[in-house]
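The values are calculated or read from the model by the stated rules, or taken from the named source; none is laboratory data. These numbers were taken from a predicted model, which means no experiment stands behind them. For neighbour counting, all protein chains shown are included, and Cβ atoms are generated from backbone atoms with ideal geometry for every residue, glycine included.
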Amino acid sequence: MIDFFYHVIIDGQPVLSNLPTDLFEEMSNCPAETQYIMCPVRGQIKRHKKLPIKDGFAYLCSYDNQLTKNNFKLCFDVFLSLIGGFAESVKRAIQPSFVRVNALRHNVYDQLSHIQDDFKSLLSFEDISLKDWPEIVSFSTNRILSNSEVASKTILRTLKRVAIALSEFDAYEIINSTRDADLYPHLVHKVIKLSLQPYIFDLWNNNVRVNLGECYDKVLIDYELINLALGHFWNNAVKYAKPNSDINISFSPSASIKGINVTINMISLAILPSEKDTIFIKGISGSEAKKAKLDGHGMGMYYIQECVKKSGGLFTIDIGSPFKKSGGKSFASNTFRFSFLKEI
Amino acid sequence: MSLFKKRAHFPNRTMEQLKSSVIILFIDNEDFNLISELKEKEGWRHLTSVSDISSLSQPELVDAHIICTDIQGVGKELGFTDEGLGLIEAIHSHYPEKKIIMYSSEAQGRIDAFHPAEGYVNARLRKSANRYQFETQIERLAQEAFCLDACAINIQRILNRELGTDMSIEEIKKGIERLYSKGKADSRSICKVFGLNNAGSLASIISLLISL
């Protein structure tokens, strides 16, 4: 077998290389035609060639003294013919994860910025003067006590934003992972209540009342997946539920799977019949949400359905007829249904 | 009167009883408020925490039934280069009956899917998991260790996986009741009751079950 050193640069980045760093200078000085020379670095005869390719260059080198000029030329041609396909594969592999990381970075950064902004309205480091340093805790306590309502709201908002930021990581990891769901029995009422709590303040702010029914049954779910799904659901509810309205949550036996239905009825932005299926597609938002400029990245419904499916459940929507225009927005009485397997 | 009076049926242990008896140890080099919350708000009475383990015969470790450990920043005192994962491996090798919950800031605590410690933990959690998630896993493992029904389900899984033996839950429960009534949990008695050549990990599981 003939040993080769290769180095391929595309867009200024090495995409394929096994070239030792001590030979980098030799590569830089290599002309386009094949050279058969004594290598000043290794003191051995070598053949090497460097050729410009689209957005970069390809370099091949061998110290094998059995390698003829024609065979080296042939190998270089084969090498060149593989680079295009390889570069494309690298691009395909890198691009989606790069986009996903960027989206994650943006979303988490956004939540952290809001938290910082919220806290700064209460207490900012710039407000603490040098003379207050020795009494920094009592200084902060006084600030908080004199703005106790703002402080309470800040804490409630922060708890929600932290939950959202963490769920961004969860979504990034869980959605892209191939792990099996960890199904354990959980009290469905408790799961719903815990998932709802971070969003209660925002709903209260919009004067949306939540009526949570009773249920003592356990369902078999992957808690992380379902908590993530519900977090996205309530985040949407905060944006899309009509202010001054009610959200009614009830529990009943499920006919579609041997389990429990969690039925959530609310007056929220209308969903067109043509959008009933498409709103579950990654990146697609409802047209009313877009019109109201409340749409996000179109990931909420996609995450909800994916997580519920992975956990062995179902998520369905019964869309209501648009019946009201409030502030130019079209609302409907929509029913959202989570169906979870029941513990046997 | 006989000194060897037969014991009654295996007790039906409630969650309240488990909370009063099960010993939980947290190993974490950082302050973790959740530990005190589990004690004060959820009522797990025998809950202690240490920043690391300096010896595998450390009393807190010896006594614990359930061990919750971070996998970063611990295991250093015993010189494990793979920190908490190395510690988990060592704890499992010394005390195979102890239940282990591993948690970390990483996804599912799956830092290294190929590390043997992966196979020794009974539950994995994110450090950011809420109190309910820790509580439900602790409850589940406490029941698996000390309640007849949950323990029998676990033993059925082990018999099937490790020994290729298919036994019904009822048969397993009857076997445990027999061992319990005689106060025996040695390998020989277990093999006899379950018709096995090798008790495997069953000895430590049944011994723990009837020890409470």
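Key figures for this structure:
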| item | result |
| --- | --- |
| Cβ pairs under 8 Å, 6+ apart, first in the stretch B:157-173 and assigned by TED's automatic domain parsing to the domain that holds B:Ala199, second hydroxyl-bearing (Ser, Thr, Tyr) | B:Ile158/B:Ser201; B:Leu159/B:Thr165; B:Glu162/B:Ser201 |
| Residues being within 19 Å of A:Phe280 (Cα to Cα) and assigned to a loop (DSSP other than H, G, I, E, B) - total across the stretch A:314-334 | 2 |
| Matching residues in the stretch B:119-128 - criterion: being without any contact (Cβ under 8 Å) to a residue 24 or more places away in the chain and more than 11 Å from chain A (Cβ to nearest Cβ) | B:Gly119, B:Asn122 |
| Count - residues of the stretch B:159-181 that are in a helix (DSSP H, G or I), of a type outside the set (Phe, Trp, Tyr) and in contact with a helix residue (DSSP H, G or I) (Cβ under 7 Å, 6 or more places away or on another chain) | 7 |
| Among (1) within 26 Å of A:Leu187 (Cα to Cα); (2) assigned to a helix (DSSP H, G or I); (3) small (Gly, Ala, Ser), the one test that A:Ser252 misses | (2) |
| Selected residue (only one of A:Val210, A:Val219, A:Val191 is surrounded by 18 or more Cβ atoms within 10 Å (Cβ to Cβ), in contact with a Lys or Arg (Cβ under 7 Å, 6 or more places away or on another chain) and β-branched (Val, Ile, Thr)) | A:Val219 |
| Single residue of the stretch A:209-235 satisfying the filter (within 12 Å of another protein chain (Cβ to nearest Cβ), closer than 17 Å to A:Tyr302 by Cα and among the aliphatic types (A, V, I, L, M)) that is nearest to the chain's Cα centre (by Cα) | A:Leu228 |
| Residue that is nearest to A:His7 (Cα to Cα) [pool: residues in the stretch A:42-76 that are among the basic types (Lys, Arg) and without any contact (Cβ under 8 Å) to a residue 24 or more places away in the chain] | A:Lys50 |
| Hits in the stretch B:168-204 - residues which are touching a Gly at 6+ places or on another chain (Cβ under 8 Å) and closer than 12 Å to B:Gln156 by Cα | B:Phe194 |
| All positions within the stretch B:33-49 that are part of a loop (DSSP other than H, G, I, E, B) and in contact (Cβ under 8 Å) with a residue 60 or more places away in the chain | B:Lys41, B:Glu42, B:Trp44 |
| Test for B:Asn197: is it more than 14 Å from chain A (Cβ to nearest Cβ) and either in contact with a Cys (Cβ under 7 Å, 6 or more places away or on another chain) or farther than 27 Å from B:Glu89 by Cα (or both) | yes |
| Those residues of the stretch B:129-173 which are away from every other protein chain (no Cβ under 14 Å), among the polar types (S, T, N, Q) and in contact with a Leu (Cβ under 8 Å, 6 or more places away or on another chain), in sequence order | B:Thr165 |
| Filter result (surrounded by 14 or more Cβ atoms within 10 Å (Cβ to Cβ), among the polar types (S, T, N, Q) and either closer than 13 Å to B:Val74 by Cα or not assigned by TED's automatic domain parsing to the domain that holds B:Ala90 (or both)) within the stretch B:42-57 | B:Ser49, B:Ser51 |
| Every residue from the stretch A:159-186 that is more than 9 Å from chain B (Cβ to nearest Cβ) and surrounded by fewer than 18 Cβ atoms within 10 Å (Cβ to Cβ) | A:Leu159, A:Ile175, A:Asn176, A:Thr178, A:Asp180, A:Leu183 |
| Top-ranked residue in the stretch B:118-151 [being of a type in the set (D, E, K, R) and under 24 Å from A:Gly231 (Cα atoms); ranked as surrounded by the fewest Cβ atoms within 10 Å (Cβ to Cβ)] | B:Arg131 |
| Residue satisfying all of: in the stretch A:187-208; free of Cβ contacts under 8 Å to residues at least 60 places away in the same chain, within 28 Å of A:Ala151 (Cα to Cα) and hydrophobic (A, V, I, L, M, F, W, C); farthest from the other protein chains (Cβ to nearest Cβ) among these | A:Val208 |
| Flag for A:Val41 being in a loop (DSSP other than H, G, I, E, B) and not basic (Lys, Arg) | yes |
| B:Ile101, sole failed condition from (1) over 18 Å from the mean Cα position of the chain (by Cα); (2) assigned by TED's automatic domain parsing to the domain that holds B:Arg45; (3) buried (at least 17 other Cβ atoms within 10 Å of the Cβ); (4) in contact (Cβ under 8 Å) with a residue 40 or more places away in the chain | (1) |
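Yes/no matrix, rows are residues, columns are (1) surrounded by fewer than 18 Cβ atoms within 10 Å (Cβ to Cβ); (2) farther than 24 Å from B:Glu118 by Cβ:
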residue: B:Asn29; (1), (2): yes, no
residue: B:Glu40; (1), (2): yes, yes
residue: B:Pro59; (1), (2): yes, yes
residue: B:Ile67; (1), (2): no, no
residue: B:Ile71; (1), (2): no, no
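Conditions (1) closer than 16 Å to B:Glu97 by Cβ; (2) surrounded by fewer than 16 Cβ atoms within 10 Å (Cβ to Cβ); (3) at pLDDT 90 or above, marked per residue:
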position	(1), (2), (3)
B:Asn154	yes, no, yes
B:Arg161	no, yes, no
B:Thr165	no, yes, no
B:Lys173	no, no, yes
B:Arg188	no, yes, no
B:Cys191	no, no, no
